[in-house]
Amino acid sequence: MSQGLRAILEAVLFASPDPVSTGQLQTILEEVAPAEITEALGALREEYEKQGSGLTVLQVAGGFRMATRPDLHPWVKRLAKTRPARLSRPGLETLAIIAYRQPITKAEIEAIRGVLVDAVLRTLMERGLIRILGRKREVGRPLLYGTTRTFLEYFGFQDISELPSPQEIEALVSSRQGDGTGETGGAGA
């Protein structure tokens, strides 16, 4: 594997605002075998680790992206000078319902949550975390909602199958309540 291939991959990942799929990389690098691309991406990631670089190559949302190392987040966060917008408890609850039950209608979400969700859905759509998938084949043809690639990127999932199981969530919640680190909700979605 050539040093040039790693440099090309590094440049492509750096220039792309979104994760780049293996298929996209194969289109860009027509003459390079898929196995070579995968090997070069692994070598690039290892090279960053070996050098102690502030960068890494992550596999998220069906593709690869260049990112800063998670352990350096406190310093990178200072660059923004403003806190990143966080999701409120209602926003997280609604997003979780959509992620686990998609495709799902607004009425179905409201039946689960027991409250109106118009404003929360609007906020989640504005942030690009959910999208309209179509219409349900029933009276009134209500809109169906589902998660987006941005959702996968935001939470660091490769695909929806990586969502924790209800049992894993229950175990996490139980362990956090047991050690006194339970979290309280915030305002706004």
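The values are calculated or read from the model by the stated rules, or taken from the named source; none is laboratory data. These numbers were taken from a predicted model, which means no experiment stands behind them. All Cβ positions, even for glycine, are placed from backbone atoms using ideal geometry, and neighbour counts span all protein chains on display.
Close Cβ contacts (under 7 Å, 6 or more residues apart or on different chains) running from residues in region 128-156 that are touching a residue at least 24 places away in the same chain (Cβ under 8 Å) and farther than 17 Å from VAL20 by Cα to residues that are assigned to a helix (DSSP H, G or I) and hydroxyl-bearing (Ser, Thr, Tyr) comprise LEU129/THR150; LEU129/TYR154. The single residue among LEU121, LEU92, LEU133 that is assigned to a strand (DSSP E or B) and surrounded by 11 or more Cβ atoms within 10 Å (Cβ to Cβ) turns out to be LEU133.
The single residue among ILE109, ILE98, ILE130 that is more than 24 Å from THR56 (Cβ to Cβ) and over 17 Å from the mean Cα position of the chain (by Cα) turns out to be ILE109. Exactly one residue out of ALA15, ALA35, ALA11, ALA67 is of a type outside the set (Lys, Arg), crowded, with 16+ Cβ neighbours inside 10 Å and not assigned by TED's automatic domain parsing to the domain that holds THR123, and it is ALA67. Among residues of region 17-37 that are at positive phi and part of a helix (DSSP H, G or I), none has a beta-carbon under 6 Å from a residue that is β-branched (Val, Ile, Thr) and surrounded by 13 or more Cβ atoms within 10 Å (Cβ to Cβ) at least six positions away or on a different chain.
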